[in-house]
Amino acid sequence: MSAERFEIVRTGERLAEVGPAWTALWRESGALVFQSQAWIAAWWATVPDRERRALQIVLAWRGDALVAVLPMATCRRKGLRLLEWAAKDHTDYGDALLAGDDPGLVRRMWGHLSAAGGFDLVYLNRLLPGAKARALLDPSQAAGVRLRPNHRSEVSFRVAGDWPTGEAWVAAQSKKTRQNYRRGQKFIGESGPLRFRLLPPDAPMEPVLLRLADLKRKWLAGNQLESNLYDEGSPALSALVRVLAETGLLRAFVLECDGVIVAVSINFVQAGTMMAFVTTYDPAFERGSPGMVLMMDYIQWSIDQALHTVDFLCGAEAFKSRFATTSVTLDAFMGRRTLPGAAAMMLDSWNLVVREMRRRSGTPPPQVAAASEAA
């Protein structure tokens, strides 16, 4: 028999209390910042629609030692209680947190949460191939709600290779890419002195983040997209970046023209990898592709710092695939606990079939508001 004691954290107060033990486990495990208590606490403190959310974080204790965390939360969508990763909207790679490799412990934690209830439908996305949470996917072993593959897989593009210097990486790019890089630098530089730099650790971040959020809102509006991370007056972006800074992971890069930021990328470094969290550029300089110029600059910087990978995190945007040398598929899984959850899963499957039939026939898909699309 295992000697674990399970606990489900449901309040912000308890989330704060377990912070020291959680942080110690996070540092010991070498997990990504997305699984840290600080990241999830920052999200919970700033999430704008908390009234429709609830924490469902499973802790496993052995005596006074915290040995594993399953960071989950529920969100009410279209009448359903959807169980998902805590801080899902700001987490590129979701996973369980534990020291070592104990798939049985992850399954027991999942069984405990499933028995406790409080949700109708489960949606776990953005699982890396080596994610600890994949222990839940073996139907012959997993306890609790059974998870099935879902069609909403995503991709992560990376730059990885054996270049001795950043300059050597640039030289390995196509002639067109090198020309576009130089033309972009020249075009932007016609408006004033052009400078790429890594912000020092003690640099005030608030002016940079205000500029980033303003540029991002313009880009989102131009592409008919939304994200509350960049809402005017929202504290969320500052809170998350503060976590990166306080953990010593933050690497904030800017491209400046005559002292004004024309592109910015908020990145962080873990396990020899540069990870690009948020990036944007000034559309007034679009002809010079400042986002592309900045990306090539920080890729060179990363290689010169002996980092083995540049990870663009989630998303299949063309600007990421342009430089990528490899990609990783991030899987998604869904499960139902109640009859409404089962109905939502059936509707989701049916909608997928209908969309595929219409795609093959060339018929535009209908605007169907399915409860399952809440995932």
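Observations, loosely collected:
- Between the helical axis of 290-304 and the longest alpha-carbon principal axis of the chain there is an angle of about 80 degrees.
- Annotation: extensible slack from W61 through S361 equals 102.5 nm (criterion: 0.36 nm per residue apart, minus Cα-Cα distance).
- Between the Cα long axis of helix 339-361 and the first principal axis of the chain there is an angle of about 40°, rounded to the nearest 10.
- Packing rank of 16-23, 82-89, where each peptide gets the mean count of other beta carbons within 10 Å, highest leading: 82-89, 16-23
- Under-28-angstrom lysine pairs by C-alpha in the chain, whenever the two are 8 or more apart or on separate chains: 16
- If the chain linking R183 and E167 were pulled fully straight, counting 0.36 nm for each residue of separation and taking away their Cα-Cα distance, it would gain 4.1 nm.
- Student exercise, the range 119-184 dipole from Lys, Arg, Asp, Glu Cβ charges, in Debye to nearest 20: 380 debye
- Where N is the number of residues in the range 78-206, Cα Rg divided by 2.2 N^0.38 Å: 1.64
- The angle between the Cα long axis of helix 103-116 and the longest principal axis of the Cα atoms of the chain comes to about 60 degrees, rounded to the nearest 10.
- Anisotropy class of the range 48-128 from Cα gyration tensor, a/c 1.5 cut: prolate
- Largest-first ordering by accessible area, 1.4 Å probe, given options D282, D101: D101, D282
- Accessible surface of the chain, 1.4 Å probe, proportion on carbon and sulfur as whole %: 51 percent
- Put simply, the Cα atoms of the chain extend 66, 57, 42 Å along their principal axes, the longest span coming first.
- Springs join every pair of Cα atoms under 10 Å in this Gaussian network model of the chain, and among V328, V243, V122 the largest mean-square fluctuation is at V328.
- The mean accessible area for residues of the range 27-140, using a 1.4 Å probe and ignoring ligands and nucleic acids, is 34 Å² per residue.
- Taking every C-alpha pair closer than 8 Å and separated by at least 6 residues, the mean separation divided by the residue count of the chain gives a relative contact order of 20 percent.
- Take the Cβ atoms of E13 and N228, set R0 to 35 Å, and the FRET efficiency comes out at 0.90.
- Simple point charges give the picture: +1 on the Cβ of Lys and Arg, -1 on the Cβ of Asp and Glu, and for the chain a dipole about the Cα centre of about 1180 debye.
- The range 294-345-the range 191-243 distance, computed between alpha-carbon centres (Å): 20 Å
- Probe 1.4 Å, accessible area per residue of the range 197-350, Å²: 45 Å²
- Whether the range 145-223 is rounded, prolate or oblate, judged on the alpha carbon gyration tensor where a/c under 1.5 counts as rounded: oblate
- Simple spin-label estimate for V260 and A116 in nanometres, 7 Å along Cα-Cβ: 5.2 nm
The values are calculated or read from the model by the stated rules, or taken from the named source; none is laboratory data. Predicted, not measured: the structure shown is a model, and the values here were computed from it. Because the Cβ atoms are built from the backbone with ideal geometry, glycine has one as well, and the counts that use them run over all protein chains shown. Surface areas here come from the heavy atoms of the whole protein model, side chains and all, with no ligands, DNA or RNA. Shrake-Rupley method; radii C 1.70, N 1.55, O 1.52, S 1.80 Å.
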